[in-house]
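S.K.: There's a structure below that I have some questions on.
The values are calculated or read from the model by the stated rules, or taken from the named source; none is laboratory data. These numbers were taken from a predicted model, which means no experiment stands behind them. Cβ placement follows ideal geometry from the backbone for every residue including glycine, while neighbour counts extend to all protein chains displayed. With ligands, DNA and RNA removed, areas are computed over all heavy atoms of the protein, side chains included. Shrake-Rupley method; radii C 1.70, N 1.55, O 1.52, S 1.80 Å.
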Amino acid sequence: MGTGNPKGRAICVAMSVYLIAKAVLNIILRGGFDFADMFIAIGLALIMLTGFKGLNYIAASVLVVVAAIHLPDNISNISSNWIYLIEGIIDIGCAVLLCADKDVREHFSKTITINN
C-alpha cells in the first residue's frame with residue numbers, strides 16, 4: 001500500500017492504533033460493547049490507512065464532531081469523566097495533525113484511476 005509519504009503513513013498508523021485502543025478502553029470502562037464506537041474507530045482507521053486524497057479532512061471532521069458532542073458532558077462531570085476529556089483533547093490533536101501536518105497530507109495523495 002504505497003502512499004506519498006512513509007512518515008505520514010506511520011503517523012496515520014499510530015492514530016489508527018490509538019482510535020481502536022480507545023474504543024476497546026471505552027468498552028472496558030463502560031462494561032459493555034458499544035457497536036457505534038467500534039464502527040467509527042475501525043472506519044476512521046481504514047480511512048487513514050488508505051491514503052486517498054481528501055479523506056484526511058473527512059476523518060478530521062468526524063473526530064472533531066465526536067469530541068464536540070461529548071465535550072459539555074465531559075467538562076460538567078470532570079471529576080468522573082476526566083479520562084474522556086483527555087481522549088477528546090487527543091482526538092482534536094489528531095484532527096489537527098490530519099489537516100496541518102505536511103507529512104500526513106502527503107500520505108493522502110493517492111487518487112483513484114480508472115483504466116478503460
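S.K.: Report the calculated FRET efficiency for residue 10 and residue 65 (r = Cβ-Cβ distance, R0 = 35 Å), to the nearest 0.05.
M.R.: 0.85
S.K.: List the chymotrypsin sites (Phe, Trp or Tyr not before Pro) within the range 12-48 that DSSP assigns to loop and that have no more than 14 neighbouring Cβ atoms inside 10 Å.
M.R.: 33
S.K.: So, one more: Under a Cβ-only charge scheme (Lys and Arg +1, Asp and Glu -1), can you give me the dipole magnitude of the chain about the Cα centre, in debye to the nearest 20?
M.R.: 380 debye
S.K.: Oh, and also: Across the chain, how many lysine pairs, 8 or more apart or on two chains, come within less than 17 Å at their alpha-carbon atoms?
M.R.: 6
S.K.: At 0.36 nm per residue, minus the direct Cα-Cα distance, what do residue 30 and residue 96 gain on full extension? Give it in nm, one decimal, please.
M.R.: Length gained, residue 30 through residue 96: 21.0 nm.
S.K.: Let me ask you something else. With a 1.4 Å probe and all protein chains left in place, how much accessible area per residue does the range 1-84 have, in Å²?
M.R.: 58 Å²
S.K.: May I ask you to give the percent of accessible area on the range 54-116 that is carbon plus sulfur, with a probe radius of 1.4 Å?
M.R.: 68 percent
S.K.: Let me ask something else. Calculated from the structure, Rg and Dmax of the Cα atoms in Å equals which of [x] 13.9, 40; [y] 17.3, 58; [z] 15.3, 60?
M.R.: The calculated read-out lines up with [z].
S.K.: Turning to a different aspect of this structure: Determine the order of 69, 11, 58 by accessible area, beginning with the largest, at a probe radius of 1.4 Å.
M.R.: Final ranking, largest accessible area leading: 69, 58, 11.
S.K.: Could you list the residues of the range 88-115 with an amide nitrogen less than 12 Å from a label point located 7 Å from the Cα of residue 21 in the Cα-to-C-beta direction?
M.R.: Of the residues in the range 88-115, none has backbone N under 12 Å from the label point off residue 21.
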